[in-house]
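Trainee: Submitted below is the structure of interest, expressed as structure tokens.
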Amino acid sequence: MSLLKAARTAQYPLMAEFTFNFDDTAVDTVAGTTKTFGSTYGQSMVFDALGLPPNANVIGGEIVVETAWATSTAATISVGDSGSATRYASAVDLKTAARTALTLTGFRGAGENIRLAVNATVANATAGKATVRVLYTVQNRSSEVQVA
């Protein structure tokens, strides 16, 4: 049995963000091929966009569609990690300029990257820009010591 004492340390939340346009390319994490975020042709563009350290706990975040995806078909984004593709957001509409808060689960990771899955059913997008922001803390990390 441990003798517990009051915590005297605190840490600042950390923030990571990833901004992408419809015509940006990246190497798909799962398929290993280069794809464009705005032309996924009925399959996902899966990309590990943000690296989190071990013991990170997501405490906030958002998906901000700054410029709506211009396409005649559905366009969505899910935010998760290698363990759960939709841990933080599922099928958020990219065709509407808006802010969507991430779902907070209390999950403490082992260093999984934040993974984005962008889906478009058929047509290429001709416009679109979005930012994913993730706020997190790291277990046992201290930024300040507070003396009573």
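Trainee: When you go through T76, T103, T71 one by one, which is the residue that is surrounded by 20 or more Cβ atoms within 10 Å (Cβ to Cβ) and either outside any strand (DSSP E or B) or of a type in the set (S, T, Y) (or both)?
Mentor: T71
Trainee: Another one. From the list N124, N119, N57, pick out the single residue that is in a strand (DSSP E or B), of a type outside the set (G, A, S) and modelled with pLDDT under 90.
Mentor: N119
Trainee: Based on what the data block shows, is G32 in contact (Cβ under 8 Å) with a residue 60 or more places away in the chain and either at positive phi or assigned to a strand (DSSP E or B) (or both)?
Mentor: Criteria not met by G32.
Trainee: Pairs needed: first member in segment 51-77, touching a residue at least 24 places away in the same chain (Cβ under 8 Å) and under 14 Å from E17 (Cβ atoms); second member anywhere, open to solvent by 30 Å² or more (accessible area, probe 1.4 Å) and among the β-branched types (V, I, T); C-beta distance under 6 Å; at least 6 residues apart or different chains.
Mentor: Pairs that qualify, where the first residue is touching a residue at least 24 places away in the same chain (Cβ under 8 Å) and under 14 Å from E17 (Cβ atoms) and the partner is open to solvent by 30 Å² or more (accessible area, probe 1.4 Å) and among the β-branched types (V, I, T), are I63/T100.
Trainee: Hey, can you tell me all the residues within segment 35-54 that are among the small types (G, A, S), modelled with pLDDT under 90 and either assigned to a strand (DSSP E or B) or within 21 Å of L104 (Cα to Cα) (or both)?
Mentor: S44
The values are calculated or read from the model by the stated rules, or taken from the named source; none is laboratory data. These numbers come from a predicted model, not from an experiment. Cβ sites come from the backbone with ideal geometry, for glycine too, and all protein chains shown count toward neighbours. Only protein heavy atoms, including side chains, enter the accessible area calculation; ligands, DNA and RNA are left aside. Shrake-Rupley method; radii C 1.70, N 1.55, O 1.52, S 1.80 Å.
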